[in-house]
């Protein structure tokens, strides 16, 4: 398994195609949530993915909110409950902290995933809200 970290401008067309294919299969099809999954944030984000045999096993994106704050989003693992999600999340945290010198990370997590993020030190900073019909909360990690 290999970790790949690339800015949008450095992705190959095949990598971008596979990222979008995975994200849409999970966030739109599996969750039965029609929304504009591909957005302008992608163009300014770092895309992290774990690959094996040319298949993406886990994915996340990291982008800047301001000089000291980064955001992590679209965290996905193709196989659940085997540590892939934790690995890609930790890689995203490391990128924000070590390469981008962030002081804090903000996420908008689906409410059911709150314990997953709490294990990495995130804590809830908002009331629950609906994003595309799915309950979410904002969470923060101080670095």
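Here, each number is a calculation from the coordinates, and none is a lab measurement. All values derive from a computational prediction rather than experimental measurement. Note that each Cβ is placed from the backbone with ideal geometry, even for glycine, and that neighbours are counted across all protein chains shown.
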How many nm is it between the label spots at residue 99 and residue 43, if each spot is 7 Å from the Cα in line with the beta carbon? 2.1 nm
Length added when fully stretched, residue 129-residue 64, from 0.36 nm per residue minus Cα-Cα: 21.2 nm
With labels modelled as points extended 7 Å from the Cα through the Cβ direction, what inter-label distance (nm, one decimal) is found for residue 31 paired with residue 79? 2.3 nm
Could you order the peptides 102-110, 76-84 from most to least packed, using the average number of other C-beta atoms within 10 Å per residue? 102-110, 76-84
Taking R0 as 30 Å, what FRET efficiency do you get between residue 6 and residue 116 from their Cβ-Cβ distance, rounded to the nearest 0.05? 0.75
With the Cα gyration tensor of the chain giving a ≥ b ≥ c as the square roots of its eigenvalues, does the rule (a/c under 1.5 for rounded; else a/b larger than b/c for prolate; else oblate) give rounded, prolate or oblate? rounded
Using packing as a proxy for protection, rank 9-21, 112-124, 88-100, 44-56 so that the peptide with the highest average count of other Cβ atoms within 10 Å comes first. 88-100, 44-56, 112-124, 9-21
With a/c under 1.5 counting as rounded, go ahead and sort segment 63-143 into rounded, prolate or oblate using the C-alpha gyration tensor (a ≥ b ≥ c being the square roots of the eigenvalues; past the cut-off, prolate if a/b is larger than b/c, else oblate). oblate
